[in-house]
Amino acid sequence: MSAPSVIGPGLDGWAAARDVLAGRRTYEAAPLVPPVPASLPPAERRRATAVIRLAVAAAASAVEAAGIGDPHRLQSVFASANGDGAVIGAILTALAGPERAVSPTQFHNSVHNSPAAYWAIGSGVGGASTSLGGWDGSFAAGLLHAAAKAVTRREPVLLCAYDAPMPSPLSEARDTTLAFATAMLLAPEPGPGSLAGLDIAFVAGSCPAEAAMPRHGGLRPIWRGNAAARSLRLLEALAGGESTAIALDYLDDAHLTVGMRPC
């Protein structure tokens, strides 16, 4: 695994967040403004929602950090529990009104793979892409799928996990309190930019919460408030260069363990 990207409140990129994640600097919460990815052409930039900008920025940063000069064939996995809740909310509101008129752009952005499509357009990537969701286990599902792709196809795979708050009344069914995204490159073999090797195992039984939570108390509200932030314990271990095993939420009756060894 190469250096990841991380975008969240008080976590403005891997370089800035690394000392916080490793416990060398105190976490300080700060508002997050979803970045506008420079890779998107002007037309797509205008159409992109906050969720799309969040995911595309995280993906682009991770690919840049991995030093992939030509990502044309790069495969990817995009994981999100909520998709674009703001877009879905707007469409449902329109359908409930007298005109029942849905914006074509809103409809285009409503599908679960829209962030992956925008990223492919902006970066010129033509590799196979999977977009998936798995409630609070979305990051674990994405990690497992991306790792399986990397190992079986013997090629690097981009994993991007992201989520953002949803408007009412959707928020009453799914409370996501803040925006967060992370992305990383998984490769079948260690390379010059690799930070760690991973051994991923599927384990029966529910995930022990304390084992899955970030060690640093200031990061726990982020972990609780966003499904993509279930990645934080893994990001802490990467930032600290730990040789350890962590647990990740996956299913009600199963979880993942990830053994990590620094490269």
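Values as computed for the structure displayed
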| quantity | calculated |
| --- | --- |
| Failed condition for residue 95, given (1) in contact (Cβ under 8 Å) with a residue 40 or more places away in the chain; (2) surrounded by fewer than 21 Cβ atoms within 10 Å (Cβ to Cβ); (3) not hydroxyl-bearing (Ser, Thr, Tyr) | (1) |
| Matching residues in the stretch 232-263 - criterion: being touching a helix residue (DSSP H, G or I) at 6+ places or on another chain (Cβ under 7 Å), more than 19 Å from residue 132 (Cα to Cα) and touching a residue at least 60 places away in the same chain (Cβ under 8 Å) | 232, 235, 236, 239, 258, 260 |
| Residue match in the stretch 112-126 (condition: part of a loop (DSSP other than H, G, I, E, B), open to solvent by 30 Å² or more (accessible area, probe 1.4 Å), touching a residue at least 24 places away in the same chain (Cβ under 8 Å) and more than 17 Å from residue 79 (Cβ to Cβ)) | yes |
| Residue under evaluation residue 76, criteria (1) open to solvent by less than 40 Å² (accessible area, probe 1.4 Å); (2) over 24 Å from residue 3 (Cα atoms); (3) polar (S, T, N, Q), criterion not met | (2) |
| Test: residue in the stretch 51-68 that is hydroxyl-bearing (Ser, Thr, Tyr), more than 17 Å from residue 226 (Cβ to Cβ) and either under 18 Å from the mean Cα position of the chain (by Cα) or at pLDDT 90 or above (or both) | yes |
| Any hit, the stretch 218-234, residues being in contact with a strand residue (DSSP E or B) (Cβ under 7 Å, 6 or more places away or on another chain) and aromatic (Phe, Trp, Tyr) | no |
| Lone unmet requirement of (1) within 14 Å of residue 200 (Cβ to Cβ); (2) in contact with a Phe, Trp or Tyr (Cβ under 7 Å, 6 or more places away or on another chain) for residue 218 | (1) |
| Of all residues making up the stretch 39-67, the number that are open to solvent by 50 Å² or more (accessible area, probe 1.4 Å) and closer than 16 Å to residue 1 by Cα | 4 |
| Residues (under 19 Å from residue 52 (Cα atoms) and open to solvent by 20 Å² or more (accessible area, probe 1.4 Å)) located in the stretch 145-170 | 165, 166, 167, 170 |
| Within the stretch 12-31, tally of residues that are under 21 Å from residue 196 (Cβ atoms) and in contact (Cβ under 8 Å) with a residue 12 or more places away in the chain | 9 |
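The values are calculated or read from the model by the stated rules, or taken from the named source; none is laboratory data. All of these numbers come straight from a predicted model, not from anything done at the bench. Virtual Cβ from ideal backbone geometry, glycine too; neighbours counted across all protein chains shown. With ligands, DNA and RNA removed, areas are computed over all heavy atoms of the protein, side chains included. Shrake-Rupley method; radii C 1.70, N 1.55, O 1.52, S 1.80 Å.
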